[in-house]
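What follows is calculated from the coordinates using simple rules that are stated; it is not laboratory data. Note that this is a predicted model, so its numbers are computed, not measured. When we count neighbours, we look across all protein chains shown, and the Cβ atoms used for this are built from the backbone with ideal geometry, even at glycine.
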Amino acid sequence: MPIARIARTNQVSRKFVYEQEGIAAQALEDTFLDSKGDNEVLFHLPITKTWLFQLILALVLICHSSYRGVVELLRDLLDWLISVGTVHNRLQVAADQPSSRPIYD
């Protein structure tokens, strides 16, 4: 719709419509295009082998990731090389440990 028609319909000047358009454009840019905060460090994780093995367990049991998916994630995101066999072995160790939760019939 032309600016003149918008101004006439709302009984304001074209200058006012242009100013409002500028304010709206700036708000959109600030909201959607500004990514200054996206690169801020949110927190630091102390990553240990125990933590990595818990991550493997969570990826398989919670995320339903394949063994190869776990290998790829650890390689690509954490630069940690692990074999499919190691993933299997870690899951087997976790499965062999007695549960501390009571089992109800």
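Given only helices, namely DSSP H runs of n ≥ 4 each adding -39500 (n - 2.57), what is the per-residue ellipticity at 222 nm of the chain, to the nearest 500 deg cm²/dmol?
It comes out at -18000 deg cm²/dmol, rounded to the nearest 500.
Name the long-range amide H neighbours of SER66: under 5 Å, sequence gap of 5 or more, or other chain; modelled H, no Pro or chain starts.
none
Roughly what percent of Cα-Cα pairs across segment 25-80 reach past 19 Å?
Distances greater than 19 Å cover 51 percent of the Cα pairs.
Report, in whole Å, the centroid distance computed from the Cα atoms of segment 37-51 and segment 1-22.
49
In square nanometres and to one decimal, what's the mean projected area of the convex hull around the Cα atoms of segment 49-96?
If you wrap the Cα atoms of segment 49-96 in a convex hull and average its projections, you get 2.9 nm².
Calculate the spin-label point distance for ALA95 paired with ALA58, positioning each point 7 Å from the Cα along the beta-carbon direction, and give it in nanometres.
Between ALA58 and ALA95, the simple spin-label model gives 2.2 nm.
Return, for the Cα atoms of the chain, the radius of gyration and Dmax in Å, separated by a comma.
For the chain, the Cα radius of gyration and maximum Cα-Cα distance read 27.5, 77 Å.
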